[in-house]
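The values are calculated or read from the model by the stated rules, or taken from the named source; none is laboratory data. Note that the structure is predicted; figures quoted are calculated from it, not measured. Because the Cβ atoms are built from the backbone with ideal geometry, glycine has one as well, and the counts that use them run over all protein chains shown. Just so you know, the surface numbers come from the protein's heavy atoms only, side chains and all, with ligands and any DNA or RNA stripped out. Shrake-Rupley method; radii C 1.70, N 1.55, O 1.52, S 1.80 Å.
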Amino acid sequence: MQPNLEVNRAVGGVDKIKFYNWKVSGRPGALKMLSKHDLRINDEYQRTANNAKILSLAKDWSWVGCGAIVVAYRFGVYWVIDGQHRVLAALRRSDIFEMPCLVFDVASVTEEARGFLDLNTKRKPVSTLAKHKALVTAGDEIALFVQHELDRLGLRPAMDTKTPGTIQCFGWCMKRAASDKDAFTKVLEITTEISNADAVPVRERLLDGLTYIHHNVENGLFDSRLAQRIRAKGAVCLFHAANKASAFYGKGGEKVWADGILQEINKGLSKRFEFSR
């Protein structure tokens with residue numbers, strides 16, 4: 001892909017950087033291989049280390065995943081700005097001696113801490129959709145299964161929550177598919193069906209509520225009478241019922257949403273559906 005040359009073009013004969021007064025701080029860092037034992041962590045500004053995360057990185061080390069540790073060189077000492085969990089994980093392994101580091105010369109701990117803030121507040125976290133795409137490309141079993149089901153049902157990814165025929169909750173899909181593939185498929189199928197019929201996107205709140213009903217009402221969504229009532233009520237009606245229950249109880253969660261949905265389903269029925277527990 002060719003770079004966009006417009007970004008380098010002058011404005012009225014004046015260099016764009018000067019014209020708009022764009023700023024730059026510090027100087028470029030230098031890539032160095034440093035002993036893991038020479039890397040220090042400053043508790044003044046660093047987050048409290050997460051032992052579970054350290055162990056997870058140590059047990060399944062990836063050099064690509066490690067990338068480069070961002071380091072500040074101050075008065076002869078190398079201080080970790082970004083990558084403390086990776087460094088602490090490397091210290092637990094006897095087969096790792098040096099780590100790739102991007103080293104910046106800094107004059108003070110204030111400048112060092114500012115670098116930490118710049119890295120951790122200006123960097124956008126990976127979205128669940130981007131993570132899902134990466135997992136599919138990497139051949140992850142659950143991600144591939146989820147993508148297959150989405151493709152089969154004709155669901156498209158979306159960044160908004162308004163477009164019919166779309167789904168946004170990839171984190172929910174990965175979690176539910178990993179827990180119970182059959183239940184995930186059954187709930188996704190009927191939710192997609194009623195959402196398409198009402199020309200609305202597939203919503204996580206409805207998926208959650210119907211999942212709870214599937215697991216806690218006798219025969220779940222395999223009960224043809226229950227499935228028929230769900231289709232008759234439709235996605236919009238059941239979604240509003242879930243919201244109404246949430247407002248009534250002053251909280252959310254799959255059980256609350258399921259309660260609202262089931263109350264709506266039971267309206268006018270002499271033989272009502274009940275939670276088994």
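Taking the criterion of being under 21 Å from residue 244 (Cβ atoms), open to solvent by 60 Å² or more (accessible area, probe 1.4 Å) and touching a residue at least 24 places away in the same chain (Cβ under 8 Å), would at least one residue in region 179-195 satisfy it? Checked region 179-195: no residue is under 21 Å from residue 244 (Cβ atoms), open to solvent by 60 Å² or more (accessible area, probe 1.4 Å) and touching a residue at least 24 places away in the same chain (Cβ under 8 Å). Scanning region 249-274 for residues that are touching a residue at least 12 places away in the same chain (Cβ under 8 Å) and open to solvent by 60 Å² or more (accessible area, probe 1.4 Å), we see that the one that is farthest from the chain's Cα centre (by Cα) is 274. A residue that is within 30 Å of residue 134 (Cα to Cα), of a type outside the set (Gly, Ala, Ser), surrounded by fewer than 16 Cβ atoms within 10 Å (Cβ to Cβ) and at pLDDT 95 or above cannot be found anywhere in region 35-49. Kindly evaluate residue 130 against the criterion of being at pLDDT 90 or above, part of a helix (DSSP H, G or I), farther than 24 Å from residue 231 by Cβ and aliphatic (A, V, I, L, M). No: the conditions fail for residue 130.
Can you find a residue in region 64-72 that is surrounded by fewer than 13 Cβ atoms within 10 Å (Cβ to Cβ), modelled with pLDDT of 85 or more and not in a loop (DSSP other than H, G, I, E, B)? Even if it seems obvious, please write down each step before you answer.
Initially, region 64-72 is screened for residues surrounded by fewer than 13 Cβ atoms within 10 Å (Cβ to Cβ), giving 64-65.
From the residues that got through so far, the ones that are modelled with pLDDT of 85 or more too are 64-65.
Subset that is not in a loop (DSSP other than H, G, I, E, B): 64-65.
Yes: one or more hits.
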